[in-house]
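The values are calculated or read from the model by the stated rules, or taken from the named source; none is laboratory data. All values derive from a computational prediction rather than experimental measurement. Note that we place each Cβ from the backbone using ideal geometry, even for glycine, and neighbour counts take in every protein chain shown. Please note that ligands, DNA and RNA were not included when accessible areas were found on the heavy atoms of the full protein model with its side chains. Shrake-Rupley method; radii C 1.70, N 1.55, O 1.52, S 1.80 Å.
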Amino acid sequence: MTSRIAIAVVLVGAFAAPAAAQPADKPEVRWDATLQTPRNDDGKHIEVSWTRRVAADVKSDADRERIEAAIAGTGVVVFRRPLAAGEMVADAQKIYVGKPETPELSPAFLYGKDVPGTPPDLAAVRALPWYRALADWLVHRAFQPVDVRDVALEPGTSLGRWTYVATSPTGADGALGEPDEVSPDGRYQYALAPVQIAGDKIVAFSGQGMVTRPFSPRASMFHSDRWIYLAFVLLAAISLLVYMQIAKRRAKDLFIRRIPGVDAIEDAVGRSTEMGRPVLYVTGIEEVTDIQTIASLLILGHVAEMTAEYDTDLKVANTYPMTMVIAEEIVRNGYANAGRLDAHRPENVMFITSEQFAFAAAVTGMILRDRPATNIYLGRFFAESLILAETGYLTGAVQIAGTCEFTQLPFFVAACDYTLIGEELYATSAYLSRDPDQIAQIKAADVVKVVAAAVLIVGVAFATLRPFDEASCNLGDLPQQRLAAVRQASGDLTGESDLDKAAKVIATARASEPVAKLSGEIATRRAKCAKQRTYNGWVQTLGTPAFEELFR
Amino acid sequence: VNFFKKTLPLAIGVLIGFWAVIEIYIPHHKVGEITDELRDWGIVLSAAAFALGAVNLLQVTLPKIRRREPDWQFKVVMLSGGLFMFAVGFGNLALEPGPAGTYTRGADDAGLASQGKAVIVFDAPADTIISVGGASQPARDPKTGAPARVEVDPGTIAVKVQKRPAGYKEFAAEIEYVTAGDVIHVTADPPMTWGKEGRVFTWMYDNIFRPCDATMFSLLAFFIASAAFRAFRARNIEAALLLGAAILVLLGRAPIGRAMSETLPAISDWIVNVPNNGSRRAIMMGAAMGAIATGLRVILGLERSHLGRD
């Protein structure tokens, strides 16, 4: 036990050894590093950028040129280290990460303390007590310099107390291509050091680098780019609350148009009852997390209630077990609402399979065997939509479909008797409930729709009123022959020359026929450009760029 | 009872629903962590629901087989297939494949040593592929059947031997300290594996399920033809317009249309890009508003039809 304590003490003593000699500490390069959290960040990223300039102390032009060349010819390697809680560190400071012009990272950099860089002297070690000799040997073995050529450097590679982040290509200014991902709630220091690069490998460290001040990433509490979406959601919520109040006072005033497809559901259930055949309900082929599946399940409750009242079998085909579990509960509630819980048959709510075409095959099999008098397809459908709907058509069933999948709507329109298009699917549950509070939500959605339409119209107007490109206010494609004549007279006009400059050149040029013609054309073009500038001013005032930024 | 059946589910729904909305607008990592946790719960619930799905499948199918309902034989095939795939899919828990191969060092080749090269000789079945340092080739010459010999530079050599079909254990080794003149013999015969990636499972999937799946998909072509025939009957003005637009688009997209006139593809593109695209966007926007309203209705607890009436 005593020996172990002694070893620990010696290790600490070895860390505290005097710092190894570094190259002359000339302030030749001025480093400036900027650490910041990206906009709307979750608090797990740090953006690192830096600039390297010749230090103001360097007066000689020759030295300045030499240093500028050195800066331009070297890349920058970036390391990161987390700071322990309460760890005190100096502000930004200069550092040598290794011996200049060698590929070795020094122990002083890697481990924070200087340690013996050469093997202990054997004679001296022999003179030491055995535990001291062992400690010296351990320290020497543990804290060796690291040759970066021997390490497969990848972001996240651990080197002593530092973690390799990236190597930036040559140049005075640089930044990490992607923000550095860190653990949140930590404090970090970055070390930036100039390096010579061959291909994508570091071949040597090259001069003085810097260690940044400690930095903690900050998480944003609001995603500022998404406020417009929030505004729409809030508008919908406020409209909903307002219309609910209206519904409480004057429910009859809330008019919503008839949806023939929804009205047909009850007729179709009645027909099934008369024919003594079941109703088939397909909830789509998406998970229950999909809003269309949710809308479909909400409608299923009403359909279940109807079938219970009419004493007709309801068969529900589901693609996912989770949907099946929820659908079963909803159907049970529908039967309970109708007071016919005894008629509910749980085995009629089926999980088929999650495979798209296997599901289609199973459901078409059910359609052909059971010959339901009514098929209701509500939810998200893909290529199986037409397979189901056409098979149902062949059996002569009344078919009601509804989806927001634009590509499947034509198939349903072609093969089904009624199709709920897009938003009608979402309105159906409220429509069937005949509950004023729920009808209020349809009105609320209408308000949002009106606002969205207004925004669209304004957007179309702004898109049409786009500013002219003022960069085209130059001589452009004016005849080169005339330009040459003017150039000969005075000035050096090209197609890229600004119109104002050209007008000045021509005003001082010797009068000649081509010059006069060019002068007239330039005057016409200048007048047109002036009008364009005025127009651009108007567009700017109207706020096109601000509008574009809003919906970017 | 009412509390556990209605109030509690409604409260949980409202809470989680609000959270789902809030997390979109708050990028803070703590919010993200809680959301991830909730998503994990969702995944666990979904996975657990598959067990219920299997039970439901048995509940629905077994009585139909027992009662000999129409096409009950298909249900026997379905259940047998499901049971077989289940057993095979978990077969890796019970059946461990043997070693895929090994390598040995033979006597040095002086000729190769003088060239500064080493050689790897493969002894593997003809339906295997070998890979040396990333470069692949058959394990045996397709004509002579001679085993592959690959000359390599000294160093560490990565070697792989794998069967062409999926579902076999591959032999992979990093042969270290290969020096000039070394002759290394690799003997490998990748054994069949079990489980989801195993030979039987992948064979059944590739050779039975996939063709059936493709068959169902290909039926769509015939259904499209019959549905189009009905849809394009010009019974009224709207149907006539639909028919006209369909003919123009069909001609514009088919080579014969381009042969007839260069204008037809342009008309076709215009119909697809302008009126069609405009109506598509209108439907999508309406649907988006409806989705927001439905979401709000559920989140605010206004939609209770799924919970039943009091």
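Which shape class applies to chain A: rounded if a/c is under 1.5, otherwise prolate when a/b exceeds b/c and oblate if not, where a ≥ b ≥ c are the square roots of the Cα gyration tensor eigenvalues? Cα axes put chain A in the oblate bin. Using the Cβ-Cβ distance between B:Ile267 and A:Leu465 with R0 = 35 Å, the FRET efficiency computed as 1/(1 + (r/R0)^6) comes to roughly 0.75.
Rounded to whole Å, the principal axis extents of the Cα atoms in region A:332-454 read 49, 39, 27, largest first. For A:Val54, the residues whose amide H sits under 5 Å from its own are A:Arg30, ignoring neighbours fewer than 5 places away on the same chain, with H placed 1.01 Å from N. Between B:Glu238 and A:Glu549, the distance separating the two model label sites (each 7 Å from Cα on the Cα→Cβ line) works out to 4.6 nm. For chain A, the longest principal axis of the C-alpha atoms and the axis of helix A:423-433 are separated by about 50°. Of the chymotrypsin sites (Phe, Trp or Tyr not before Pro) found in region B:100-200, not one falls in a DSSP loop while having at most 15 other beta-carbon atoms within 10 Å.
The amide H of A:Val288, built 1.01 Å from its N in the peptide plane, has A:Thr323 as neighbours under 5 Å, considering only residues 5 or more places off or on other chains. What figure, in Å² to the nearest 10, do you get for the accessible area of A:Tyr310 with a 1.4 Å probe and non-protein molecules left out? Around 80 Å² of this residue is reachable by solvent. Relative to the dominant Cα principal axis of chain B, helix B:72-89 is inclined by about 50°. You can think of it this way: the chain between A:Ser224 and A:Ala484 has 88.2 nm of extra reach, that is 0.36 nm per residue less the Cα-Cα gap.
Distances between placed amide hydrogens fall under 5 Å for A:Val349 paired with A:Val316, all partners being 5 or more residues away or on another chain.
For chain B, the alpha-carbon coordinates run over 88, 72, 59 Å along the three principal axes, in decreasing order. When all protein chains stay in place and ligands, DNA and RNA are ignored, the 1.4 Å accessible-area order of B:Met192, A:Met221, A:Met244, largest first, is A:Met221, B:Met192, A:Met244. Rounded to the nearest 500, the 222 nm mean residue ellipticity of the protein assembly as shown from helices alone is -16000 deg cm²/dmol, with -39,500 (n - 2.57) taken per DSSP H run of at least 4 residues. The distance between label points at A:Ile246 and B:Ile24 comes to 2.4 nm (points 7 Å beyond Cα on the Cα→Cβ vector). Setting aside same-chain residues fewer than 8 positions from A:Lys531, which aspartates and glutamates have a Cα under 17 Å from its Cα? Candidates past the 8-residue exclusion: A:Asp469, A:Glu470, A:Asp498, A:Asp500, A:Glu521.
Of all DSSP bridge pairs formed entirely within the protein assembly as shown, close to 75 percent run antiparallel.
Straight distance only, please: which aspartates and glutamates reach the Cα of A:Lys99 with their own Cα at less than 15 Å, same-chain residues fewer than 8 apart left out? Once the sequence-local aspartates and glutamates are set aside, what remains near A:Lys99 is A:Asp25, A:Asp114, A:Asp147. How large is ³J(HN,Hα), in whole Hz, for each residue of region A:28-41 in order, when computed from phi with the Karplus curve 6.51 cos²θ - 1.76 cosθ + 1.60 and θ = phi - 60°, using x for Gly and Pro? Working through the residues one at a time gives 7, 10, 9, 9, 10, 10, 10, 10, 8, 8, x, 5, 6, 8 Hz.
Residue by residue, region B:182-189 carries 3J(HN,Hα) couplings of 5, 10, 10, 9, 9, 10, 8, 9 Hz when phi is fed to the Karplus relation 6.51 cos²θ - 1.76 cosθ + 1.60 (θ = phi - 60°); x denotes Gly or Pro. Residues of region B:149-179 with an amide N closer than 11 Å to a point placed 7 Å from the Cα of B:Gln137 along the Cα-to-Cβ direction: B:149-152. Compute the label zone of B:Thr104 within region B:181-196: residues whose backbone N is under 17 Å from the point 7 Å along Cα-to-Cβ. Only B:182-189 fall inside the zone, counting backbone N under 17 Å. Working from label points 7 Å from Cα in the Cα-to-Cβ sense, the A:Asp173 to B:Ala166 distance is 5.0 nm. Applying a 4.7 Å Cβ-Cβ cutoff to the protein assembly as shown leaves A:Cys404, A:Cys416, B:Cys212 as cysteine residues with no disulfide-compatible partner.
Round to a whole angstrom and tell me the spacing of the C-alpha centers of region B:74-111 and region A:37-61. Measuring centre to centre over Cα atoms gives 56 Å. Quick one: angle between helix B:277-299 and the longest Cα principal axis of chain B, in degrees between 0 and 90, rounded to 10, please. So the helix axis and the longest Cα principal axis differ by about 80 degrees.
Projecting the Cα atoms of A:Val97, A:Leu368, B:Thr294 onto the charge dipole of the protein assembly as shown, computed from C-beta unit charges around the Cα centre, puts B:Thr294 farthest toward the positive end. A convex hull fitted to the Cα coordinates of region B:167-310 yields 408 cubic angstrom per residue. If R0 is taken as 45 Å, the Cβ-Cβ distance between A:Ala343 and B:Ile16 corresponds to a FRET efficiency of 0.85. About its Cα centre, chain B has a charge dipole of approximately 1960 debye under the convention of +1 per Lys or Arg Cβ and -1 per Asp or Glu Cβ, with nothing else charged. Of all aspartates and glutamates in the structure, those lying under 19 Å Cα to Cα from B:Lys75, and not within fewer than 8 positions of it along the same chain, are A:Glu347, A:Glu355, A:Asp370, B:Asp213. Counting Cβ atoms of other protein chains within 10 Å of each Cβ in A:348-358 and taking the mean gives 5.
So how strong a dipole does region B:214-280 carry about its Cα centre when Lys and Arg Cβ are +1 and Asp and Glu Cβ are -1, to the nearest 20 debye?
It comes to approximately 200 debye.
Computed 3J(HN,Hα) for region A:184-194, one whole-Hz value per residue from the Karplus formula 6.51 cos²θ - 1.76 cosθ + 1.60 where θ = phi - 60°, is x, 6, x, 10, 10, 10, 10, 10, 10, 9, x, glycine and proline marked x.
A:Glu329 accessible area, nearest 10 Å², 1.4 Å probe? Counting only protein heavy atoms, A:Glu329 exposes about 70 Å² to solvent. Estimated at 0.36 nm per residue, the fully extended path between A:Val413 and A:Thr102 surpasses their Cα-Cα distance by 104.5 nm. Pairs over the 30 Å Cα-Cα cut-off, from the set A:Lys315/B:Lys196; A:Lys44/B:Lys6; A:Lys248/B:Lys5: A:Lys315/B:Lys196; A:Lys44/B:Lys6. Accessible area of A:Cys529 (1.4 Å probe, protein heavy atoms only, ligands and nucleic acids ignored): about 10 Å². Dipole check for the protein assembly as shown: with +1 at the C-beta of Lys and Arg, -1 at the C-beta of Asp and Glu, and the Cα centre as origin, the magnitude is about 1620 Debye.
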